[in-house]
Amino acid sequence: MTGNNNHGVNMAAFIRQKAAETPHKRAVVVPAGRDRFGRVAYTGMTFRQLEEETNRFARGLNRIGIKRGTKTVVMIKPGIEFFTAFFALCKVGAVMIMIDPGIGLKSLKTCIGEAQPEAFIGVSLAHALRVIMRWSPDTIKTCVTLGPKVFWGGHKFHDLRHEDGSEYPIEMLPADEMAALMFTSGSTGISKGAVYTHGILTHQVKFLQEIYGFTTEDVDLATFPLFGLFDVCLGMTAVIPDMDASKPAKADPRKLIEAITDNGATFMFGSPALVDTLSRYGVENNIKLPSLRQVISCGAPARNDILQRFHRMLNDDAQIHTPYGATEALPVSSIGSRMILGETAGETDAGGGTCVGFPIKQVQTRIIRITDEAIPEWSDDLVLKPGEIGEITVKGPIVTREYFCRPENTRLAKIREGNEIWHRMGDVGRIDAQGRVWFCGRKTHRVEAADRVYFTIPCERVFNQHPKVFRTALVGVGDKGRQTPVICVELEKGVHEINTEALVKELQEIGARHDHTRAIKHFIIHSGFPVDVRHNAKINRETLAEWAGEKLKGRI
């Protein structure tokens with residue numbers, strides 16, 4: 001067991017600090033069943049208890065050989081044990097491997113194999129799959145099971161709890177040392193492990209506090225578990241609702257509202273799909289959420305109609321924030337709903353893209369000319385003029401430098417400038433005269449026709465304004481450079497009987513009002529778009545493009 005190094009950093013140090021400052025404040029709250037009247041019972045830990053429990057488990061982890069640098073897969077459902085395991089692993093200096101199980105068994109095997117973990121902490125089902133699917137059997141030597149342990153051996157999680165809860169010497173580590181592998185959702189390609197350093201994680205905590213002004217009085221409804229980890233580092237209470245975190249769009253709005261009101265939540269983090277579901281139910285049932293002061297919605301561009309609807313549930317001084325970023329760089333910028341609805345909505349509706357706000361002061365953002373080739377070295381000659389659409393690039397202390405064991409992906413996504421790294425976000429957009437960033441879609445989703453290039457967000461927003469349309473997706477059919485732009489249409493919930501020919505004509509008329517959509521003639525109704533597993537909000541346009549190609553075969 002190694003002693004403290006006062007010159008390093010570690011996320012667990014935030015927990016120790018909050019335990020000293022607010023020992024009796026609730027750190028984590030989770031539902032624990034219902035009483036005979038149907039009311040939810042809650043359980044949880046204070047910051048003092050979280051500090052002591054992570055001291056106990058850090059000692060237990062160290063005893064079985066999990067220590068500084070041990071790459072450890074964590075597959076535990078959101079709850080008390082998730083927070084305990086994460087910060088105990090932080091304290092011993094282990095490298096956490098975080099993969100969304102929703103990416104599928106084949107992709108999970110690939111990701112775990114690439115990560116080459118030495119330890120695996122997971123629920124019983126995860127271990128059963130690990131053995132049956134042979135997830136990295138040659139490298140995983142230490143196994144810890146939360147739940148029944150059957151045929152795979154190893155240790156039971158709760159058996160690691162040491163009797164000594166006194167202060168454990170946190171491994172304070174160099175800022176550039178690897179702290180975690182955070183795998184991307186794979187919504188636009190193979191899931192890749194972004195290398196997070198201890199410096200990146202601690203900077204993220206500090207930047208989130210600076211941007212949103214969180215205080216120790218705040219209580220967060222943490223519908224995205226990873227954000228809940230930042231909650232407690234900021235001294236907030238993280239309330240874990242009764243929902244399947246892997247399916248936010250399917251969350252029961254009644255249970256979300258119950259968790260907000262029962263715990264006096266002042267803040268909520270949710271994907272656009274979850275916010276959409278909650279706002280529809282809330283408006284239909286005339287529900288108000290007066291305790292909420294701030295809401296963060298990220299994972300996909302915010303739709304103005306959803307923001308307007310959700311505002312009807314909130315107090316007049318409440319704000320909905322939509323930060324911009326990616327697994328590889330977060331946060332990059334942020335914008336509040338008052339600026340969106342009061343200043344930028346009209347330009348978005350006209351096809352100007354989605355404004356994602358001003359870059360945070362510690363992050364530099366530049367728009368460069370679009371290319372699918374690698375760019376080894378930075379040059380200011382790459383940068384486009386203000387207002388021109390190009391690829392969004394960012395540089396700053398929250399930018400990851402590489403993908404683990406994926407040199408080709410690193411080469412395509414990173415640009416070197418001396419000892420610094422520019423990350424190519426893989427998104428297209430522009431910067432306006434005020435310095436605000438406007439998101440125009442994924443670079444790989446652009447449609448290259450013979451006469452022009454079409455970008456998803458500017459085109460789709462035009463057609464999304466039709467009252468019978470829930471959302472649309474621009475795809476290209478054919479070879480790059482000669483693609484035909486096609487709009488896939490998902491109808492509003494409750495719209496079933498429809499005259500397809502009349503709808504297509506109406507959409508063509510809407511498109512004819514704008515230069516960048518005038519030439520789009522093909523529209524196909526789809527029963528329900530495929531979306532990403534993490535936020536249930538990013539549309540899988542690659543799958544839709546194949547579907548559209550089959551539908552239009554012989555017609556274009």
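The figures follow:
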| read-out | value |
| --- | --- |
| Under the Karplus curve 6.51 cos²θ - 1.76 cosθ + 1.60, θ = phi - 60°, whole-Hz ³J(HN,Hα) for the stretch 416-424, x wherever Gly or Pro sits | 7, 9, x, 8, 9, 10, 9, 9, 7 |
| Length-normalised contact order for the stretch 33-121 - Cα pairs under 8 Å, 6+ apart - percent | 33 percent |
| Rounded to whole Hz, the Karplus (6.51, -1.76, 1.60) HN-Hα couplings of the stretch 390-406, x for glycine and proline | x, 7, 7, 10, 9, 9, x, x, 9, 8, 6, 8, 6, 9, 6, 6, 9 |
| Distance violations [Cα-Cα > 28 Å] among LYS361/LYS480; LYS414/LYS538; LYS149/LYS255; LYS91/LYS255 | LYS361/LYS480; LYS149/LYS255; LYS91/LYS255 |
| Per DSSP, loop GluC sites (Glu not before Pro) in the stretch 296-376 with at most 15 further Cβ within 10 Å | GLU373 |
| DSSP-defined antiparallel bridges as percent of all bridges, the chain, nearest 5 | 60 percent |
| ILE64/ASN419 FRET efficiency (R0 45 Å; Cβ-Cβ; nearest 0.05) | 0.75 |
| Computed magnitude of the charge dipole of the stretch 1-111 (debye, nearest 20; Cβ of K, R +1, Cβ of D, E -1) | 180 debye |
| Cα-based helix-to-principal-axis angle, 253-263 vs the chain, degrees rounded to 10 | 50 degrees |
| Sites ILE525 and GLU343 - FRET efficiency at Förster radius 25 Å, r taken between beta-carbons, to 0.05 | 0.15 |
| Calculated FRET value between GLU497 and VAL283, using beta carbons and R₀ = 22 Å, to 0.05 | 0.40 |
| Contour minus Cα-Cα distance for LYS156 and ASP35 (0.36 nm per residue) | 40.6 nm |
| Karplus (6.51, -1.76, 1.60) ³J(HN,Hα), θ = phi - 60°, over the stretch 130-140, in Hz, Gly and Pro reported as x | 4, 6, 5, 8, 6, 7, 6, x, 7, 10, 6 |
| Computed log₁₀ I(q)/I(0) - Debye formula, equal Cα scatterers, no solvent, the chain, q 0.08, 0.13 Å⁻¹ | -0.55, -1.43 |
| Tensor-based shape of the stretch 352-405 (alpha-carbon gyration tensor, a/c under 1.5 rounded, otherwise prolate or oblate) | oblate |
| Nearest 10 degrees, 0 to 90: helix 500-511 Cα axis against the chain principal axis | 90 degrees |
| Beta bridges per DSSP with both ends in the stretch 110-223, % antiparallel, nearest 5 | 40 percent |
| Relative contact order %, the stretch 321-436, counting alpha carbon pairs below 8 Å whose residues are six or more apart | 27 percent |
| Length-normalised contact order of the chain in % [C-alpha pairs under 8 Å, at least 6 apart] | 11 percent |
| The stretch 12-197: antiparallel DSSP beta bridges as a percent of all, rounded to 5 | 40 percent |
| Cα lying deepest toward the dipole's positive end in the chain, options ALA350, LEU229, ASN419, charges on Cβ | LEU229 |
| Within the stretch 339-445: Cβ-based charge dipole about Cα centre, in debye rounded to nearest 20 (Lys, Arg +1; Asp, Glu -1) | 300 debye |
| Rounded to 10°, Cα long-axis angle of helix 80-92 versus longest principal axis of the chain | 70 degrees |
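Bear in mind these aren't lab numbers, they're just calculated from the coordinates by the rules spelled out. In this text, all values refer to a predicted model and were calculated from it rather than measured experimentally. A quick note on method: Cβ atoms are made from the backbone with ideal geometry, for glycine too, and the neighbour counts reach across all protein chains shown.
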